[in-house]
Structure formats: C-alpha cells, structure tokens
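Data block below; observations after.
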Amino acid sequence: MYIPERKPLFRKNVKKTNPYGVAAMLAVILVLIIILRSISQGEITPMFMPTPTPTRTLDSFAGEGEVYFGAGDLDKAIQAYGQAVLMDPGNTDLLAELARIQVYSSTLLTIDSERIARLEEALATINSAVEIDQEESMVHAIKSFILDWLAGNSLTQAENDAMLNEAEQEAIFAIQLDNQNMLALAYYAEILVDQQKWIQAEQNIREAADRAPEVMDVRRINGYVQESLGNYSQAISEYKEAVRINPNMTFIYLRIGANYRKLQQFDAALEYFDKAATINEQLGVRDSIPYFSIATTYTQMGEFFSAGLNARKGLNYDPDNADAYGRLGIVYHRSRNYEGAIPAFKCSIRGCSAVESCEVRQCNPDVDPMAEVEGLPLSAGTVDYYLTYGAVLAGMHREVNGFCEEAMDILKMVKQDYSSDPIIMQNVDESENICNFYGYY
C-alpha cells in the first residue's frame, strides 16, 4: 500500500542548492570584474564612445614637409616644417631645413620688399638654431646661404660687401666645424662667385660636386658657377642634374631657359620656360615670371606680338603686382613699343588707378578684376625700371607732352642712390642730355 510522504509541520521545505548554477554565476561575476578593470586601464573602449583622432607626430610633419618640397610646393613645405618646429623647437636640423626652404621660396616672390621679408624670416629661423647650438656645422652653412642671397638684395654696394663678408665667415666656420660638409663647401663657392673670386669658386664647387653629386644644391650652384664663367652649355648640364634630383624647382628651369637663350637656342629656351609655367599651374601657383621669360625670348626672336601676349598673360596672373608692370615695360621697350612702355612703367614706379591698370593690361572691366597698383620704391631690383622709364620719357619728349619733366625727376632719384655706379650714371647722363637740349635741367 502507497503511503505519501508527510510534510514537516514546524519548518519550511528548503530546496537543495544547484552547484552548477552557482559556478555559472561566479564565472559571470569574474568576467564582469575583468571587463571593468580593462576599461579602467584603457585596454577596452566602451561601446558608443567617439573614435579618437590620431595625434600628428613630429616625423609626420617633417615627412610631409619633405614631400611638399620635392613636389615644388614650397609654401606648404614651410607650413609643415613650421608645425614640426613647434613640436620640437630645440631641433636644429628642423630649423636649418625650414630656413633653407624659406630661402628657396623667395624665388617665387617678385616684389623686392616681399622677397627681402622672406629672406629675413629665414635669417631669424637660422639665428634661433645658432642660439641653440653654436657648434653645428650645418646651421652655419645655411646661415651663409641666407646671408649670400640677402646680399644680392642690398640697396648699396657697401651693404652688399658687408653681408657677403659675413656670409663668407659663416661658410668658413661651417667647414672648420665639419670639413666633410659638402653643402657648406657648395654655399661657399656660391659666395665666392658673388665676390667675383671665380677661380677659387670653381675649385670648391668641383670638389663638392665630386663628393656629393646627388645633392640638388651642389648641382645648382655648380650650374651657377659655370654660368658666371660663361660656360653656358656646362651650366645647362648642371642645372639639368639639379632638376633631375628635384624635378619641381621652377626657378632652376628658368635658369636653364635663360642659358639656352644666351646660346640663342630659342626653341629650347621656350621649352624650359614653358615647363616652369606648367609646373606652377599644376601646383596652383600663380607666378608671372615664366611668362615674362617667354616674352623676353620672343622679343629677342623678333616676334613682338607673341612677346606682348605672354607678358600681358603674366601680368593678369597678378594684376596688382607693380613689379609685373615693370617687367611689361621692359618687354615693350625691347619691342620698341615705347608708347606702351610709358604707362606700364608709370604703374610700376608711380602707381596707377584701377582704370589705368586695366588699360595697360588691355582687360575687360566687366569681367576681369579691377586692381589699383601701388608704385615700387627705388631699389636694386627696380633700378632698371627707373632707368628705362627715364630713358623712354626723354626719348619720347615733345613740347606738347612735356615728358622730360617727369624724366628729370626720375633720373634725379637714380643719381642720388647710384652716383657711384659708372654704368648706371652713363645711362642717366645720356637721358639727361636729351632733356637738357629741350631746356630741362
């Protein structure tokens, strides 16, 4: 007979504990503890957190600057190296490279004041490096390079000589610190050319080229040395080696073209000027210089229409650039378009209104930008404009136009600053004699 189990009367019926359930719960708790610990240590990122933005490194900015320099985009190269310097302001290698690129970027600036300002920026950059390490050879080499290029923009011969002497001392010191520094030796050769010490310059650059044939600066300076000696074919070969190493340095293409032009190989000259213009367009650089180089070449070829067309194209790239009007005036003068040269020079030297500049550019006021132009002061870079303007005014003087009054004023300014230069003064005297004949003194 079945007898049912009796329930206890005085205690609750407690269920037996399941050991497998307990083990599972302990495992879950352990996993949660591990996850929380990993989150606190940054090993695990919580869900729905925003993705962190990667921080740029020093090498990243420096590498970017190097790439931009190789591509010929010097302004972006300067920006990238500038960021690298901000991250490591005590790095003299970065400061030296930044200063070097600042110097080369000055070739894209046609106005004296802007070009000098860029070179002075480079000098300030390299002086910072000198303060950090006065015994670093490359720092002094780059400083010699900067001072040499600044000397070429000096107003007076005394300033030029003083700066060249300082550049020479910096180069010599750089070589004393490291006689294996071929960049210092090359910069020294460039300085020696500017001091008209050609034999010593050629000896130094030959050694630098033999020992550092794959350095762009060395091949460029060798081209400069050969050009100064009148060895135009050798200069072209060296400049071509420089652009083989750095294929987007437009100012070197301009030097190749200029040397071909000296050899009267005009088609080759036009080819290299066009290459410079093409590279600038690819980089988005609005540089008028290649077009004026093309215009000058066409002038020498006797193709004056093409010369004027390219000169105006260059001018329209930068319609408020007074230097471009001066270049246009030179092209017109060489083309014997004296009537066109006068308003172009006037805009360059005295400045002109937006309406006047539009007439010089032959622009369409309904479509093209209207630009007022501020005249350029007399300087080493503008003295040719002043001198040629005075000569054209004197030559075109008639009693009905009174051009000699303006001519004598312009020539007076040139005499005040360049009375010790015999070639300039010879040209001033010739123009003044014309106006003296008409009673202007």
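The aspartates and glutamates within cross-link reach of Lys415, meaning a Cα-to-Cα straight distance under 17 Å and a gap of 8 or more places when in the same chain, are Asp384, Glu405, Glu406, Asp429, Glu430, Glu432.
Which of rounded, prolate, oblate describes segment 265-334, given a ≥ b ≥ c as roots of the alpha-carbon gyration tensor eigenvalues and a/c under 1.5 marking rounded, otherwise prolate only if a/b is larger than b/c? Oblate, because a/c is 1.5 or more while a/b does not exceed b/c. The charge dipole of segment 86-174, taken about its Cα centre with unit charges on the Cβ atoms of Lys, Arg (+1), Asp and Glu (-1) only, comes to about 280 debye. Couplings 3J(HN,Hα) for segment 209-216, derived from phi with the Karplus relation 6.51 cos²θ - 1.76 cosθ + 1.60 (θ = phi - 60°), are 5, 5, 9, 9, x, 9, 9, 4 Hz, where x marks Gly and Pro. In degrees between 0 and 90, to the nearest 10, how far off the longest principal axis of the chain does helix 137-151 point, with axes built from Cα atoms? Roughly 40 degrees, rounded to the nearest 10.
Our summary gives segment 172-222 a relative contact order of 36 percent, counting only alpha carbon pairs under 8 angstrom and 6 or more residues apart.
Listed options for Kirkwood radius over Cα pairs in Å are (1) 26.0; (2) 22.4; (3) 23.9. The value calculated from this structure is the one marked (1).
Using a cut-off of 26 Å between Cα atoms, the listed pairs Lys313/Lys346; Lys143/Lys346; Lys197/Lys275; Lys346/Lys412; Lys275/Lys346; Lys143/Lys412 include Lys143/Lys346; Lys197/Lys275; Lys275/Lys346; Lys143/Lys412 as exceeding that distance.
Note on the chain: GNM, Cα springs under 10 Å; of Pro369, Pro213, Pro422, the largest mean-square fluctuation is that of Pro422. Computed over the chain, relative contact order equals 7 percent, with contacts defined as Cα pairs under 8 Å that lie 6+ residues apart. Each helix, a run of at least 4 DSSP H residues, gives -39500 (n - 2.57); summed and divided by the residues of the chain, these come to -23000 deg cm²/dmol at 222 nm.
Highest mean first, the peptides 245-255, 88-98 sorted by other C-beta atoms within 10 Å per residue fall in the order 245-255, 88-98. Remark: segment 160-165, residue by residue, has Karplus-estimated 3J(HN,Hα) of 4, 5, 5, 6, 5, 5 Hz, where x stands for each Gly or Pro and the curve is 6.51 cos²θ - 1.76 cosθ + 1.60 at θ = phi - 60°.
For segment 134-172, the list of GluC sites (Glu not before Pro) that fall in a loop by DSSP and count at most 12 other C-beta atoms within 10 angstrom reads Glu135. The overall shape of segment 297-345, judged from the alpha-carbon gyration tensor, is oblate: a/c is not under 1.5, and a/b is no greater than b/c.
Values in this text are rule-based calculations from the coordinates and carry no lab data. What you are looking at is a predicted structure, and each value in this text was computed from that prediction instead of being measured. Here Cβ is always computed from backbone atoms with ideal geometry, including for glycine, and neighbour counts include all displayed protein chains.
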